Each structure stands twice: as structure tokens, then as C-alpha cells.
Amino acid sequence: MFLLAGVLSLFAAAPAVAQSGDQDAGRWWALTVGSGSTRFTCDLCTPERDSGPWAGLAVGASASEAVKVGVEGGFWTHLDDNDREWVYRAGVVAHVYPKTGSGLHLIGGGGWSAFRAGDFRYDAGRLTVGLGWDLPLTPGWMVGNSIVLDAASFGSLKNEQTTVDRDVGVSVLRLGVFLKHR
């Protein structure tokens, strides 16, 4: 649902902005890599955070000079003993620039998160909040950094088809560096 809304807003925003003659109009994309920390919240869960690398890709369009919207996807991974853990995410994202000419932007969005580790799985809706900073590299290209929190709640942790626990929350705190083109 969130992904469909994001795709529709992406295609709806670009032509409207392009017709307005805004020089900042058009499509953008960003590739981000970094380190993330994941924590489960449930009755059976341990309170520790597991750290590991993450990567993501976002593509979008300018809704206005101050708002960029798009769709994004990515993953986080961690090796726990001999078991590989994964958190996948997909959804919509918005970058809001509160001050014209500044690289500082607010990041918000929503979508889906999925955890996979052996026979264990978890799927739930998520919200995303964060901050980023763009630094001009060359015309049309930027580098930058971001700190983002993905929070998913009210999902069920399952072992194959058996529900292990209900109302489970998963949070991923992501620190990243990105290459952006617009």
C-alpha cells in the first residue's frame, strides 16, 4: 500500500514541477551504505542491539524546491554465531529541506520491514524518521550523510508457520553515507 502510494506520488509530482519551470525539477536517485544497529522488542527478546552493514537505494522526483519524494528499498545484515540475520525494507520516502540553499534535510517515510534468520521471520509496517546533509560534489552530484531510525511494530515473530510471539517491534538505527544525483 505504502509502496503503491509512493510510486503514484513519484509520477504525479515530476510532470507538475517540470511544467512550472522550476530549475530544481526532475528525478533524483541516491545510493547509501553504512552501519546499522537492530533491536527487537518483545516478551522473549533480549534488549541488546546487533550491528552490521546496510545498503539502500532510493529514486524519486522533486515535488517542489523544498520537497523530494520517492521510493526506497534496502537491507541490513548481521552474522549471529553461524546464522545470518537480514532486515529488508521497502517503502516511500520524503526529503524535506526546511531552508533553501542548505543541505540539511529531514527524512520521513513509511513502508514494510521484514526480518529473516533461518526459519524465523517477521513482517510489519514501519515508519522512518531521520536527518541528512547534502554536500555538493560536482554539478548534479552530491555526497552526504544521514542518521535514520526505522521502527516497525505489531508484527508476529514466526518460526516457520508457528507464531513465537505477537506484538513484536523491530527498530533499525542506520548511519550512512550517500552518493546522490539530481
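The values are calculated or read from the model by the stated rules, or taken from the named source; none is laboratory data. None of these values were measured; they are calculated from a predicted model. The accessibility values were calculated without ligands, DNA or RNA, using every heavy atom of the protein model including side chains. Shrake-Rupley method; radii C 1.70, N 1.55, O 1.52, S 1.80 Å.
Calculated from the alpha-carbon coordinates, segment 80-182 shows an Rg and a Dmax of 16.9, 53 Å respectively.
Around the amide H of Gly26, modelled in the peptide plane, lie the amide H atoms of Ser62, all under 5 Å away and 5 or more residues distant in sequence or on another chain.
Look at where the Cα atoms of segment 69-93 and of segment 117-167 average out, and the two centres are 6 Å apart. Angle of helix 2-19 to the longest C-alpha principal axis of the chain, folded into 0 to 90 degrees and rounded to 10: 10°. Computed over protein heavy atoms with a 1.4 Å probe, the accessible surface of the chain works out to 53 Å² per residue. For the chain, with all protein chains in place and a probe radius of 1.4 Å, 63% of the accessible heavy-atom surface sits on carbon or sulfur.
Over the residues of the chain, the helix contribution to mean residue ellipticity at 222 nm works out to -3500 deg cm²/dmol, using -39500 (n - 2.57) for each DSSP H run of at least 4.
Taking 21 Å as the straight-line reach from the Cα of Lys180, the lysines in range (excluding those fewer than 8 positions away in the same chain) are Lys68, Lys99.
Pairs of Cα atoms nearer than 8 Å and 6+ residues apart set the relative contact order; for the chain it is 21 percent.
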